[in-house]
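Reading through the structure tokens given below for one structure.
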Amino acid sequence: GEHMFSIGDKIVYGSTGVCTILGIGVPDIPGATRECYVLKPSYMANTTVYAPVEKNPVSMRLVLSPDEMQSLIDSLPDIKPFPESKEKTEMHDICRNAVKSADGFMLAKLIKTLHEKKLRIMEQKKAVSSVEKEYFDTAEKIFHGEIATVLGMPMEKVGTYIQARIFPNSVLGQSAAS
């Protein structure tokens, strides 16, 4: 049948983040009957992911082109955070959906939202909710992995590179830019 992706493609696979497609076929695992993409996550050691080709609820897309990534990064300062919700569960839904979408823009928006919230909470000498911290870390991992892959940048450089752009006026931005 027709496949949306080909062997060698770099894709973003849900919260797993950037993966390379190593193969397409029914995995050699007892009981496996469905055709799968065999994925090698770029930033998880010794992991193979089998992603069903058909009816897969996990979002899957090609990584952005360098131009698309550059314009997303350039738009970061203008991305508006998600509206602040008093309801914990509503915020968690927003987080979950953004991470599940694996969409670069949504991830950037989530990172920005949670980061700004974190700064506000720290000013009040309070702690960030562990659930939100987890979503923040996941969103950052996916987004940074894609940036590193697309722009050919070491993963550890991405954080400062992005912070200088998302928060040009914050302390974080300044320390990163110098």
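The values are calculated or read from the model by the stated rules, or taken from the named source; none is laboratory data. Quick caveat: nothing in here was measured; it's all calculated off a predicted structure. Note that we place each Cβ from the backbone using ideal geometry, even for glycine, and neighbour counts take in every protein chain shown. To get the accessible areas, we keep the full protein, side chains included, count just its heavy atoms, and leave off ligands, DNA and RNA. Shrake-Rupley method; radii C 1.70, N 1.55, O 1.52, S 1.80 Å.
Every listed requirement among (1) closer than 29 Å to Arg165 by Cβ; (2) in contact with an Asp or Glu (Cβ under 7 Å, 6 or more places away or on another chain) is met by Val53 save one, (1). Scan the stretch 32-57 residue by residue and report those that are surrounded by 11 or more Cβ atoms within 10 Å (Cβ to Cβ), assigned to a loop (DSSP other than H, G, I, E, B) and out of contact with any Lys or Arg (no Cβ under 8 Å at 6 or more places or on another chain). Those that are surrounded by 11 or more Cβ atoms within 10 Å (Cβ to Cβ), assigned to a loop (DSSP other than H, G, I, E, B) and out of contact with any Lys or Arg (no Cβ under 8 Å at 6 or more places or on another chain): Ala32, Arg34, Glu35, Met44, Asn56. Which one is modelled with the lowest pLDDT, of the residues in the stretch 2-25 that are at negative phi and exposed (fewer than 12 other Cβ atoms within 10 Å of the Cβ)? Once the filter is applied, the top-ranked residue is Glu2.
With the condition kept exactly as written, say whether any residue in the stretch 93-106 is closer than 20 Å to Met60 by Cβ, touching a strand residue (DSSP E or B) at 6+ places or on another chain (Cβ under 7 Å), buried (at least 18 other Cβ atoms within 10 Å of the Cβ) and at pLDDT below 90. Yes, the stretch 93-106 contains a residue that is closer than 20 Å to Met60 by Cβ, touching a strand residue (DSSP E or B) at 6+ places or on another chain (Cβ under 7 Å), buried (at least 18 other Cβ atoms within 10 Å of the Cβ) and at pLDDT below 90.
Taken over the stretch 122-146, the criterion of being assigned to a loop (DSSP other than H, G, I, E, B) and basic (Lys, Arg) is satisfied by Lys125, Lys126. Screening the stretch 58-92 for residues that are part of a loop (DSSP other than H, G, I, E, B) and among the hydroxyl-bearing types (Ser, Thr, Tyr) and picking the one that is least open to solvent (accessible area, probe 1.4 Å) gives Ser85.
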